[in-house]
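These notes concern the structure reproduced below.
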Amino acid sequence: MSGVVVLLLACLLLSGCAGSSAATRFYLLSPPAPGGIRSVPGAPQARVAVGPVSVPSYLDRPQIVIREGDGVRLALAEFDRWAEPLAESLPRVLAEDISRALGGGHVLVFPGASADDADIRVAVDVNRLDGSLGGTVVLDAWWALLDRSGATLRRGRMVERRPAGGDHAAMVTAQGVLAAALGDTVAAAVREVLPRP
């Protein structure tokens, strides 16, 4: 009988501990509201495929990554997680922003869409997209525009910073703003390489 009582007490203690744990919050990388992004009148219409977009392995995890102290140490926010992998959400955000910046041009996400269906393919290699709470968020990425044959039309690097805010929601918002800024930069390069109608 005493063994049953001990087992019941252990179950009660475990259920009490489980009930007091923090709830997990999920975040989605998103571009700023459409009103904040201006499309360019008379922008050339082109079929653009965004991808591949590579993300470093330290960011390829469910937890939001935070830089601590001297910026060399990383912490994983156990209860603040991405709703989808950054390797999936970042191409989508870039495609949305490039489409808006090109005046609603036809922008696809590769490899879901065939690169053969695109006039231009956008390849992105992200070196960094993280920051510290109360500090700054940094996006460091190389990008390239490729034609149908795979030849490079334009390439560049963007390194930009934004205030991170004091919580994870503000930090994710800043990351979305930086992703949209990268989309604007790429869209400007697309306008330069395409002939105007």
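The values are calculated or read from the model by the stated rules, or taken from the named source; none is laboratory data. Computed from a predicted structure; not experimentally measured. Here the Cβ is made from the backbone with ideal geometry for all residues, glycine too, and neighbour counts use every protein chain on show. SASA here: full protein model, heavy atoms, side chains in, ligands and nucleic acids out. Shrake-Rupley method; radii C 1.70, N 1.55, O 1.52, S 1.80 Å.
Structure notes:
- Condition check for Val65: of a type in the set (Val, Ile, Thr) and more than 23 Å from Ala33 (Cβ to Cβ): yes
- Members of the range 160-185 that are over 14 Å from Arg67 (Cα atoms) and in contact with a helix residue (DSSP H, G or I) (Cβ under 6 Å, 6 or more places away or on another chain): Glu160, Arg162, Ala179, Ala180, Gly183, Asp184
- For the range 26-61, a tally of residues being open to solvent by 80 Å² or more (accessible area, probe 1.4 Å), modelled with pLDDT under 95 and in a strand (DSSP E or B) returns 1.
- Cβ separations smaller than 7 Å between residues 6+ apart or across chains give the following pairs from the range 132-150 residues that are on the phi > 0 side of the Ramachandran plot to residues that are crowded, with 17+ Cβ neighbours inside 10 Å: Gly134/Ala164.
- Residue within the range 120-136 that is farther than 18 Å from Val177 by Cβ, acidic (Asp, Glu), open to solvent by 40 Å² or more (accessible area, probe 1.4 Å) and in contact with a Phe, Trp or Tyr (Cβ under 9 Å, 6 or more places away or on another chain) present: yes
- Apart from one condition, Val93 fits all of (1) within 21 Å of Arg25 (Cα to Cα); (2) open to solvent by 50 Å² or more (accessible area, probe 1.4 Å); (3) in contact with a helix residue (DSSP H, G or I) (Cβ under 7 Å, 6 or more places away or on another chain); (4) part of a helix (DSSP H, G or I); the exception is (2).
- Test set (1) modelled with pLDDT of 95 or more; (2) open to solvent by 80 Å² or more (accessible area, probe 1.4 Å) - Arg81 fails condition number: (2)
- So Ala144, is it within 12 Å of Gly183 (Cβ to Cβ), open to solvent by less than 30 Å² (accessible area, probe 1.4 Å) and out of contact with any Leu (no Cβ under 6 Å at 6 or more places or on another chain): no
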